[in-house]
Amino acid sequence: MSRGRIEDVWPLSPLQEGMLFHAALGAPDEGADVYTVQTALEIDGPLDAERLRETWQALVARHAALRACFRYVSGAQLVQVVAREVKIPWRESEVAGEDDPERAADRIAREELDRRLDLTVAPLLRLALIRFGPERHRLVITNHHVLLDGWSMPIIFGEMAAIYRAGGDASGLPPAASYRDYLDWLSRQDKNAARAAWAEEFAGADEPTLVAPVDRVRVPHSDTVVTHVSGELTRSLSALARRLEVTVNTVVQGAWAMLLAQLAGRTDVVFGATTSGRPAELPGVEQMVGMLLGTVPVRVRLRGATPVAELLKSLQGRQTALMDHQHLGLAEVRRVVGPGADFDTLVVFENFPHEGPDPDEDRRGDVVFRPSATGRNTSHYPLTLVAAPGERMLVRLEYQTEVIDRGTAISLLDRFVAMLERMAADPSAPLARLETAGHLSRGGTVPELIPRRAAIQPGEIAVRDGARRLTYAELEQESGRLAGYLAGLGVGRGDRIGVVMERSADLLVTFLGVWRAGAAFVPIDVGYPADRVALLLRDSGASLVIGTKAARDVLPSGSDVLTMDARRCGRRSRPPSR
């Protein structure tokens, strides 16, 4: 891009800085990056494809933020360069003659998503129009998230419908709000006051809140599970929020904090939350197109005796106190606070005031634009909870498939909704009662909880025994092998297994393996006298004894013994006759 084709040069917003921190600018690599997003519109009626293309050219001309790309100047300084004019990439495809038109359309959309956008070349979006028939089309919009936030998309779609109805002419719309005004507003904020506020909020927090291994893949694959809560629960949550003078967003965050505490095994948890980033004092900000979204860390300290209502009021109060300091940006907050502000789960409350094209308005013409469910988004975190208000609140859990399987994701979503139900039912209940009820409602026995934790935190340390450590995955695998071996011996429900072992990691593996085989264990201290050991085994009716080699000296002669060492379970023996 020559200097004559540049309209303006802008600084970056804090979130843009964070997104581009690890980006490789220049020639695009193969494959989409994690911040490439895709949205689609279904179009019913006799579409004029050329008019629609001209409509989007008018949109790009109208909003300077849509003509931005990112380049380094003066060495390492990264800026957004706004082009004076750009030609939007446009692709048209016909799938009407395909054996499976939907599959063909999905393939086209996937090709668009997988083709990485070059961040140094504007525009950072492209369009693919897919024709299913004379009066059915799908428009697939692929863009880089650094360009637009979720609030902007309904604005763009609403303007698109109006411009299309006007024959591709945008002159009838009011002047567009300038994204540059927002960047100027950011430059006027008191960053030192913000740093002090965040440091105070995270005082004493020195460990990250993580539910997934830190060495997960750089560009993950993601999937989604979705549910709509009942209308009754939706109304109850709204009534609870009004009664406590908090937002429904705060109620959602409180429920997620409770679930996160169970997942992470902590009572002081941190997760991310998105903010609109649209200051009320900035004129025209609600109609502004660009990346204004923010992500901030939310800290929640949970005490068992604290009532639900008190937790929610406290959470709301602290978030309100930090509202004027959310402009600082997540990267800077982390630099100020340290690892205590690190998290790998995100909560998004989608409360956009605009809904995009108005179907009733569009029906006055020949063409109707409708949101499509075929869009794609890659989850930037192992777990992202999205809640959207409505007559029945929509709750969506996006998860990275490399670290969380679909069954676990479904279970987590069910547990979250159950937590909302318990909070709405009794906001005076102490948190400890809700947590206990949560464990019971999901069948929270130890043999069930360990595999669940292994699915979410496979690399986290579960057991320490001197120099030996077992991760949750290893504990689950070793106990599973023992359970399978015991089942092969005929051990089952109702059987009792004597366990004569020293305190060790193997002792926990044994307890869990016996449970998973369906039997009950009879713990016996290896330091007991031999006659007492014999009495305990006889009275309990133990059909088998598991022990270490050191335990053989206290076992009665003739006992059927399964010996354990530090690596495996596996050799049966009988103690010597006395």
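The values are calculated or read from the model by the stated rules, or taken from the named source; none is laboratory data. Not measured: the values here are computed from a predicted model. Every residue, glycine among them, receives a Cβ derived from its backbone with ideal geometry; neighbour counts consider all protein chains shown.
Structural remarks
- The number of residues in the stretch 486-502 being out of contact with any strand residue (DSSP E or B) (no Cβ under 6 Å at 6 or more places or on another chain) and touching a residue at least 24 places away in the same chain (Cβ under 8 Å) comes to 9.
- Filter pass, Leu260 being surrounded by fewer than 20 Cβ atoms within 10 Å (Cβ to Cβ), among the aliphatic types (A, V, I, L, M) and farther than 26 Å from Gly375 by Cα: no
- Screening Thr445 with (1) at pLDDT below 80; (2) of a type in the set (S, T, N, Q); (3) surrounded by 18 or more Cβ atoms within 10 Å (Cβ to Cβ) gives one miss only, at (3).
- Only listed residue being in contact with a Lys or Arg (Cβ under 6 Å, 6 or more places away or on another chain) and small (Gly, Ala, Ser), chosen from Gly231, Gly265, Gly277, Gly284: Gly231
- Of the residues making up the stretch 416-433, those that are farther than 13 Å from Ala309 by Cα, surrounded by fewer than 20 Cβ atoms within 10 Å (Cβ to Cβ) and in contact with a helix residue (DSSP H, G or I) (Cβ under 7 Å, 6 or more places away or on another chain) are Ala418, Glu421.
- Residue match in the stretch 376-383 (condition: within 23 Å of Val146 (Cβ to Cβ) and modelled with pLDDT of 90 or more): yes
- Hits in the stretch 385-396 (condition: within 28 Å of Pro458 (Cβ to Cβ) and surrounded by 22 or more Cβ atoms within 10 Å (Cβ to Cβ)): Leu385, Ala387
- The residues on offer are Arg266, Arg299, and the sole one that is more than 21 Å from Asp324 (Cα to Cα), among the charged types (D, E, K, R) and in the same structural domain as Ala331 (by TED's automatic domain parsing) is Arg266.
- Asn143 being closer than 21 Å to Thr274 by Cβ and among the polar types (S, T, N, Q): yes
- Of the helices (runs of 4 or more DSSP H) entirely within the stretch 462-578, those holding at least 1 residues that are modelled with pLDDT under 85 and closer than 18 Å to Val446 by Cβ occupy 472-488.
- Strands (runs of 3 or more DSSP E) wholly inside the stretch 52-107 containing at least 3 residues that are of a type in the set (A, V, I, L, M, F, W, C): 68-73, 77-83
- Helices (runs of 4 or more DSSP H) wholly inside the stretch 123-229 containing at least 1 residues that are under 25 Å from Arg396 (Cα atoms) and among the hydrophobic types (A, V, I, L, M, F, W, C): 152-165
- Enumeration of residues in the stretch 44-93 that are closer than 19 Å to Met19 by Cα, polar (S, T, N, Q) and surrounded by fewer than 17 Cβ atoms within 10 Å (Cβ to Cβ): Gln77
- Sole exception among (1) at pLDDT below 95; (2) in a loop (DSSP other than H, G, I, E, B); (3) touching a Ser or Thr at 6+ places or on another chain (Cβ under 9 Å) for Val289, by number: (1)
- Members of the stretch 301-339 found to be over 20 Å from Thr250 (Cα atoms) and either modelled with pLDDT of 95 or more or part of a helix (DSSP H, G or I) (or both), listed by number: Leu328, Ala331, Glu332, Val333, Arg334, Arg335, Val336, Val337, Pro339
- In this entry, Leu147 is excluded by the filter for residues that are of a type in the set (A, V, I, L, M, F, W, C), at pLDDT 95 or above and crowded, with 21+ Cβ neighbours inside 10 Å.
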